[in-house]
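Undergrad: Mind having a look at this structure? Questions to follow.
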Amino acid sequence: MLLQTEVAENRSLAEERVRQIVREELEKSWKKDPAARKVAIIASKGTLDWAYPPLNLGAAAAASGMEVSIFFTFYGLNIIHKDFERKLRISPVANPAMPMPIPMPDLVLALPGMITFATRMMRSRFKKQGLVPIRELQAVNLELGVRLIACDTTLEVFGYRPEDFIDGVEFGGAGAFLSQARRAHITAFI
Amino acid sequence: MLLQTEVAENRSLAEERVRQIVREELEKSWKKDPAARKVAIIASKGTLDWAYPPLNLGAAAAASGMEVSIFFTFYGLNIIHKDFERKLRISPVANPAMPMPIPMPDLVLALPGMITFATRMMRSRFKKQGLVPIRELQAVNLELGVRLIACDTTLEVFGYRPEDFIDGVEFGGAGAFLSQARRAHITAFI
Amino acid sequence: MLLQTEVAENRSLAEERVRQIVREELEKSWKKDPAARKVAIIASKGTLDWAYPPLNLGAAAAASGMEVSIFFTFYGLNIIHKDFERKLRISPVANPAMPMPIPMPDLVLALPGMITFATRMMRSRFKKQGLVPIRELQAVNLELGVRLIACDTTLEVFGYRPEDFIDGVEFGGAGAFLSQARRAHITAFI
């Protein structure tokens with residue numbers, strides 16, 4: 001009788017205890033949430049200023065131990081093109097939020113040479129502020145193990161060939177992005 | 001006595017075994033992570049080039065079995081407007097990253113007719129490269145079960161009425177987006 | 001013997017029952033997915049129209065009980081600058097998707113004064129439609145507990161000082177963003 005009670009008690013104790021154990025393990029599990037270690041970025045813009053956010057975010061995440069993939073698509077292919085220095089330009093007309101050294105009437109912003117001037121100004125501003133040049137940011141990302149993936153569909157639309165891109169670049173389609181992003185808490189379309 | 005020991009052993013065995021079972025189930029559970037099957041996209045831009053990313057990503061995700069919602073807001077409402085062919089235009093001035101067939105001084109890019117020319121050029125480039133036209137991409141998304149949701153708040157700001165949109169479009173606000181996105185690993189603001 | 005069998009039964013019952021309990025707890029746990037309550041937004045654009053999406057989304061999410069952080073970086077710093085009313089302007093040239101009251105040839109869009117005109121038009125359109133002004137949206141976000149974080153790296157690049165920003169703004173780098181975003185289902189780069 002005593003033993004029967006004990007068995008019954010054991011059984012009911014079990015349920016309470018089991019739920020407690022499950023909650024403990026779940027608590028630990030949420031902290032180890034694999035999605036919290038993964039980052040999938042789409043880089044879709046091809047101007048000098050917009051080349052920074054994906055490369056900066058990628059490097060920062062990788063430096064803090066996260067697994068990062070950056071997918072370059074559309075105009076973003078410029079960022080990893082061998083000729084990126086010529087391709088990454090800035091239009092001040094396109095962006096009234098760009099800080100200009102001197103206030104300028106809108107038409108002046110559309111004058112010939114202004115894109116070149118704006119690009120130079122931005123480059124020098126970035127340099128003066130100690131911002132890493134794009135070439136170094138590309139290298140830092142690759143060294144930290146960030147996967148730089150060129151979208152093979154848009155690549156063709158823009159008339160590029162695989163050999164047009166810097167060393168270390170991989171190639172893949174939307175499927176490659178989705179398989180990373182669906183397991184990542186941080187997904188950013190830049 | 002023997003039985004008492006067995007009960008005690010059973011109890012301690014239980015804990016070890018229970019933790020093992022919990023970890024097994026957790027492992028399986030992470031693989032079935034419901035958030036890995038959900039995609040919530042905001043489409044906020046209204047030019048021809050930027051109409052592609054949300055519709056392409058939506059179709060690709062739905063084709064691989066994911067549950068997709070695209071919320072069209074702000075300028076993105078153009079993409080599902082009945083008159084989308086006239087509304088989705090491209091400004092080359094706005095985008096120095098847009099590949100032009102011939103290098104052009106910046107001012108020329110602002111000449112009357114250039115938006116029309118740039119839009120035609122892009123359309124023909126997309127066509128030559130075998131890219132699906134927007135009309136077909138809209139249909140593909142609807143066939144694959146992608147929910148196309150027009151933001152009812154910005155709709156009013158832009159002076160549109162519900163009947164201005166293509167068939168199959170639903171209507172909803174920020175709440176509709178949040179309820180999808182908070183359960184989705186892939187959230188993209190395009 | 002009877003008791004021995006019972007112990008054995010108890011043990012095997014346990015496994016079945018334990019798995020059932022684990023699944024019940026997991027089911028509950030997924031519903032309480034902590035990532036479903038967190039939102040991390042990057043606001044990177046500095047024009048009047050693009051000031052709305054991060055502030056609207058932030059307020060809507062906070063109002064439905066979510067924990068929200070908005071990181072202002074690059075041109076997005078304009079949105080929380082004390083002088084935001086002068087800084088948040090709109091260029092119609094940059095955006096052929098912007099609805100203009102009268103169709104206009106492209107060059108006219110680049111004439112001096114057009115940015116000012118477009119900004120005024122947008123402000124009045126927003127006002128007529130009952131859209132909350134930026135100043136109120138900033139206040140609503142702070143009242144709802146949304147954290148407004150200025151990126152301290154780009155702050156320096158743009159020549160701003162901490163005292164240039166509205167009251168209630170915090171300061172932080174990419175690390176601050178990553179630590180929030182890696183635990184959040186909703187991450188948006190706007």
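Readers should treat all values here as calculations from the given coordinates under stated rules, not as data from a laboratory. On a predicted model such as this, the values are computed, not experimentally measured, just so you know. With ideal geometry, Cβ positions are generated from the backbone for all residues, glycine too; neighbour counts draw on all protein chains shown.
Undergrad: With label points built 7 Å along Cα→Cβ from the Cα atoms of A:Arg86 and A:Ser179, find their separation and express it in nm.
TA: Inter-label distance under the simple model: 3.6 nm.
Undergrad: I'd like the FRET efficiency for A:Asp152 and C:Lys28, computed as 1/(1 + (r/R0)^6) with the beta carbon distance as r and R0 of 45 Å, rounded to 0.05.
TA: On the way: r = 43 Å, r/R0 = 0.95.
After rounding, the FRET efficiency stands at 0.60.
Undergrad: While we're here: Could you let me know the centre-to-centre spacing of the range B:30-71 and the range B:157-183, using Cα atoms, in angstrom?
TA: After rounding, the separation between the Cα centres reads 15 Å.
Undergrad: Would you please give the residues with an amide H less than 5 Å from that of B:Phe165, counting only those at least 5 places away or on a separate chain, with H modeled from the backbone geometry?
TA: For B:Phe165, the qualifying residues are B:Lys82.
Undergrad: May I ask you to report, in nm to one decimal and beginning with the shortest, the distances from C:Glu170 to the same position in the other copies, taking label points 7 Å along Cα-to-Cβ?
TA: Computed spacing set for this position: 3.4, 3.4 nm.
Undergrad: Separate question: Report the net charge of residues surrounding A:Leu178, where surrounding means a beta-carbon distance below 15 angstrom and charges are Lys +1, Arg +1, Asp -1, Glu -1. Each step should come with its number before you reach the end.
TA: Numbers: positive: A:Lys38, A:Arg147, A:Arg182, A:Arg183, B:Arg37, B:Lys38; negative: A:Asp152, B:Asp33, B:Glu67.
Surrounding charge for A:Leu178 is +3.
Undergrad: Also, quick follow-up: Obtain the nm distance between the two label points defined at A:Ala63 and B:Ala139 by a simple spin-label model: each point lies 7 Å from its Cα along the Cα-to-C-beta direction.
TA: Placing both labels 7 Å beyond Cα along the Cβ direction yields 5.0 nm.
Undergrad: To one decimal in nm, how far is B:Gly159 from the same spot in the other copies, if labels go 7 Å from Cα toward Cβ? Please give the shortest first.
TA: Label-point distances to the other copies, shortest first: 3.9, 3.9 nm.
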